[in-house]
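Comments concern the structure below.
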Amino acid sequence: MSKPAAPLKGRAARLARLMPSTGPSTAARTPFVLLVVLLLGGGLITLLLLNSALNEGSFRLSELKRDTTELTDEEQALQRDVDSRSQPDALEKRARELGMVPGGNPAFLNPDGTVRGKPTEATAPPPSPSPTPSPSASPDADAPAAGPSASGASAGPSGSPSPSGSVSATTPDPAAAPSAENSPPPTSPGR
């Protein structure tokens, strides 16, 4: 067997008295181990919560990007619609459908109240001639086409038929409309 340890002398003996050598102490290690386990567990739980929050934010971000893409596509479609409806020929077509006609010559008021220019009334241009059926499509090719000139209506100065023999509306009658020089100058409200 082994020989018992020799008694310590001097300085080593004094140190041995300060630190008892009864064996390893488990009571001092238990709080340290619990602290390390709690720190590691808390760190893992924090990482798990942080990761799930980042994933939730990522899903929300992808949803918002998808919504932004859909709204951008809708905006572009609406802009194309506005652009197509604001073209001059489209505006003119819609105005004619509403019964609007191009304006006549404008007149302007000078600061002293005199009228500059000769105003004319806006009148509708004559309607475009309707297409006449071809002779092969009509049942009686020898019959004359019925129209206002055939019914006895007189033609206006421009050659277009006018109802009940009156003057055409496309050319204003200078005798019927008062001239700008003969009429008093219009005044604006508030003067």
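Since every read-out is calculated from the coordinates, none of them should be taken as a lab result. Small disclaimer: the values here were computed from a predicted structure and weren't measured. Glycine also receives a Cβ, built like all others from the backbone with ideal geometry; neighbour counts cover every protein chain displayed.
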FRET efficiency for residue 32 and residue 68, using Cβ-Cβ distance with R0 set to 45 Å, rounded to 0.05: 0.25
Fraction of alpha-carbon pairs in segment 47-90 farther than 13 Å apart, rounded to whole percent, equals 67 percent
Taking 7 Å along the Cα-to-C-beta vector as the label spot, tell me the residue 50-residue 92 distance in nanometres, rounded to one decimal. 6.9 nm
Hey, can you grab everything whose amide H is under 5 Å from the amide H of residue 109? Only 5+ residues off in sequence or another chain; H modelled, so Pro and N-termini drop out. 116
Please give the net charge around residue 67, taking every other residue with its beta carbon less than 15 angstrom from that of residue 67, where Lys and Arg add +1 and Asp and Glu add -1. -2
Note down the nm distance, to one decimal, between modelled labels 7 Å out along Cα→Cβ at residue 9 and at residue 101. 13.8 nm
